[in-house]
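The structure appears below as structure tokens.
The values are calculated or read from the model by the stated rules, or taken from the named source; none is laboratory data. Note that the coordinates shown come from a computational prediction; the quantities given were computed from them, not determined experimentally. Ideal geometry is used to build each Cβ from the backbone, glycine not excepted, and the neighbour counts take in all protein chains shown. Protein only, heavy atoms only, side chains kept; ligands, DNA and RNA dropped before computing areas. Shrake-Rupley method; radii C 1.70, N 1.55, O 1.52, S 1.80 Å.
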Amino acid sequence: MFAGALTQNSFIHSLYSIDPKWTSSYIAGIDLSYRFYRFHRLPVDLELDVTVAKRFGDDRQWDVGAIPMLRWREFPWNDLLYTNFRIGLLGASYVTGVSPWELHWAGNTHGSRYLNYLSVELDFKPSRGSDLEGFIRLHHRSGIFGLVNDTHGGSTYMTTGVRWPF
């Protein structure tokens, strides 16, 4: 499960901003992850994420996405706080309506319900064997500079959540 808020910052600026500018649009949802491959010689997993979320506040759309993710599992401080980094660059995103924010930045008059889904995430566990995992994620939809449906803009939600296996 996760929840977050829409930032006015660009995706790149959201990666390093310590003082993001927020809008009155929020997101909450569930995320199902499936590890489909674990490299044996590298600390890397390949996973598939499927997300279903509801936007609320200034926006009122449903947001559905699927994305292959790469998980890096090794950091020098993992004995103190087990940390993973996850990234997915090319995914599929569908919303039930084009939000005013995305339409404003679309570079066209219609926006798009279908866009690329990009996700960058840091995951934290108390220990390697713990089932409970917390995360901080950038949930980004983008037209990839006009490559998807002639849409140049998108949206970036900064989210936090928890994950556990079942």
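Surface composition of the chain: carbon plus sulfur atoms hold 67% of the accessible area, using a 1.4 angstrom probe and ignoring ligands, DNA and RNA.
All C-alpha to C-alpha distances of segment 26-107, sorted into 10 Å bins beginning at zero, yield P(r) values of 16, 35, 28, 17, 4 percent in whole numbers. Taking Cβ atoms as reference points and 11 Å as the exclusive limit, the residues near Leu32 contribute a net charge of -2, counting Lys and Arg as +1 and Asp and Glu as -1.
Placing +1 at every Lys and Arg Cβ and -1 at every Asp and Glu Cβ, with all other atoms neutral, what dipole size does segment 1-131 have around its Cα centre, in debye to the nearest 20? Each step should come with its number before you reach the end.
Values: 13 positive and 14 negative charges, 44 e Å.
It works out to roughly 200 debye.
I'd like the FRET efficiency for Leu80 and Ala5, computed as 1/(1 + (r/R0)^6) with the beta carbon distance as r and R0 of 25 Å, rounded to 0.05. According to the calculation, E is roughly 0.25.
Using the Cβ atoms and a cut-off under 12 Å, what net charge is assigned to the surroundings of Asn9, where Lys and Arg are +1 and Asp and Glu are -1? Write down the numbers at each step before the final one.
Working: positive: Lys21; negative: Asp19.
Taking every Cβ under 12 Å from that of Asn9, the sum is 0.
Sorting Ser127, Ser142 on solvent-accessible area from highest to lowest, probe radius 1.4 Å, gives Ser127, Ser142. A value for Rg and Dmax of the Cα atoms in Å was derived from the coordinates, and within the list [x] 15.7, 43; [y] 15.1, 52; [z] 16.1, 52 it appears as [z]. Take Tyr94: with every protein chain present and a 1.4 Å probe, its accessible area is about 70 Å².
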